[in-house]
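Beneath this line is the structure, given in C-alpha cells, with notes to follow.
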Amino acid sequence: MAELQEVQITEEKPLLPGQTPEAAKTHSVETPYGSVTFTVYGTPKPKRPAILTYHDVGLNYKSCFQPLFQFGDMQEIIQNFVRVHVDAPGMEEGAAVFPLGYQYPSLDQLADMIPCILQYLNFSTIIGVGVGAGAYILSRYALNHPDTVEGLVLINIDPNAKGWMDWAAHKLTGLTSSISEMILGHLFSQEELSGNSELIQKYRNIITHAPNLDNIELYWNSYNNRRDLNFERGGDITLKCPVMLVVGDQAPHEDAVMADSGGQPQLTQPGKLTEAFKYFLQGMGYMASSCMTRLSRSRTASLTSAASIDGNRSRSRTLSQSSESGTLSSGPPGHTMEVSC
C-alpha cells in the first residue's frame, strides 16, 4: 500500500448552541484501482459499526450529504457512530483533472476499493449510506463482503444495467444535451428541474461550473456502463443485511422504489430521512433509548389530536406503523424497510 496522506480540517458549518466544532481527518489511500480519498468524523465506538457514505454522480460527499448530517436531529446519531465519507476518485474538492485517456474505474472496481479504506482504518463492519451510483457501489460491496456490512440505506438505487432502449435514449439525449444537464436529469425529476427552485439553481451551478467536470463525466460513464446486480428476492443473490430503501416523492417510479428515480431526499427532506434512519438503527439494535425527533413529536401530537376524528386512518408510507411508538421491529436478517420522502 502506498504512502498515505492525512490532512486535519474543521468542518465549516454554523454550530448549534452548546455544540463544539466536529474535527475531521481527510485521508488518501492507494488501491489496486488508483487513489481514493475519504474523510473521517468522530472516533470509533466500541462494538459499533462505522457509518460509511458514498455519493452520487455529479456530487462529492459534502454536496451530497452535508444537509443531512448537519440536520439538528441527526446530531444524536452522529454522536453514536464514527462516519467515513468516501469521495469517488477525482470527485474530492481540489481534485486534479485526470489526463486524457485515463481509464476510470468501473463501479465494481470502486466497490473493491472499500476494503482498502476499512483495512487502513481498522474498521471491521459498516452501515452503508449510498445515493444513486453510490448506492449501487455499496450494494456491490455488500454482495462481495456480506460479513462486513451490518446494514444499508440505499437512496434512489437502480440495480439494473442499461437495456438497449435505455442506451438509445441516452445516446439521443447526449446529442442535444450537455453532460451537466444529463447529470441534473439523473439527480432530479423533471418537475423539480422545471420548477427551477433555489436548490436546483444551486446544484446546476455546482455541476455546470465544476472545475473537475471532465472527471465527473468519467464517473457518469462508469455508472452508465454498470452491470446488473441480478438481485433475487429470497434467492441466492441478495443482500444479507437489513436494508432501508429510500425514494424521493418526486420520483417518476416511486412505486417501484428501486429505480433510477431522480430527486434527492437527503437534500430536500433531511428531517424525514433522519427519522427513518433513526428507527432503522433502532431496529438493528442500536440507540434503543434514542430521543424522539422533532418530526415524530409533531406527528405524534397531530395524531393524538386527530385520533377522535379518524382513529383508523393509515399512516403515510414514510415509516412503518411500529415506528409510531419509537421502535421498529428488526425482523429476520435481511429485512427491508421502504421509505418514500
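The values are calculated or read from the model by the stated rules, or taken from the named source; none is laboratory data. Source: prediction; values computed, not measured. As a convention, Cβ positions derive from the backbone with ideal geometry for all residues, glycine included, and neighbour counts pool all protein chains shown. What goes into the accessible areas is simple: the full protein's heavy atoms, side chains included, and nothing from ligands, DNA or RNA. Shrake-Rupley method; radii C 1.70, N 1.55, O 1.52, S 1.80 Å.
Ser106 falls short of the stated requirement of being open to solvent by 10 Å² or more (accessible area, probe 1.4 Å), under 17 Å from the mean Cα position of the chain (by Cα) and of a type in the set (Gly, Ala, Ser).
Listed here are the residues, each with its yes/no results for (1) out of contact with any Ser or Thr (no Cβ under 7 Å at 6 or more places or on another chain); (2) among the β-branched types (Val, Ile, Thr).
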{"residue": "Gly94", "(1), (2)": "yes, no"}
{"residue": "Cys116", "(1), (2)": "no, no"}
{"residue": "Leu121", "(1), (2)": "yes, no"}
{"residue": "Ile126", "(1), (2)": "no, yes"}
{"residue": "Leu138", "(1), (2)": "yes, no"}
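A Cβ distance below 7 Å, combined with a sequence gap of six or more or placement on separate chains, defines the contacts here; from region 138-153, residues that are open to solvent by 20 Å² or more (accessible area, probe 1.4 Å) reach residues that are among the small types (Gly, Ala, Ser) and part of a helix (DSSP H, G or I) in the pairs Arg140/Ala111; Asn144/Ala111. Would you confirm whether or not region 234-246 contains a residue that is at pLDDT 90 or above, touching a Pro at 6+ places or on another chain (Cβ under 9 Å) and closer than 19 Å to Cys64 by Cβ? Within region 234-246, one or more residues are at pLDDT 90 or above, touching a Pro at 6+ places or on another chain (Cβ under 9 Å) and closer than 19 Å to Cys64 by Cβ.
Within region 201-230, the set of residues being part of a helix (DSSP H, G or I), of a type in the set (A, V, I, L, M, F, W, C) and open to solvent by less than 20 Å² (accessible area, probe 1.4 Å) comprises Ile207, Ile216, Trp220. If you go through region 77-99 and keep only what is over 19 Å from Tyr33 (Cβ atoms) and either part of a loop (DSSP other than H, G, I, E, B) or open to solvent by 10 Å² or more (accessible area, probe 1.4 Å) (or both), you end up with Ile78, Gln79, Asn80, Phe81, Val82, Glu93, Gly94. Here Gly58 fits the description: open to solvent by less than 10 Å² (accessible area, probe 1.4 Å), out of contact with any Gly (no Cβ under 8 Å at 6 or more places or on another chain) and at pLDDT 95 or above.
Looking only at region 138-153, filter to residues that are charged (D, E, K, R) and over 15 Å from the mean Cα position of the chain (by Cα); which one of those is nearest to Ile126 (Cα to Cα)? Per the stated criteria, the residue is Glu150. When Asn144, Asn160 are screened for being touching a Lys or Arg at 6+ places or on another chain (Cβ under 9 Å) and over 23 Å from Tyr286 (Cα atoms), only Asn160 passes.
Scanning region 119-137 for residues that are surrounded by fewer than 24 Cβ atoms within 10 Å (Cβ to Cβ) and under 18 Å from the mean Cα position of the chain (by Cα) returns a single hit, Thr125.
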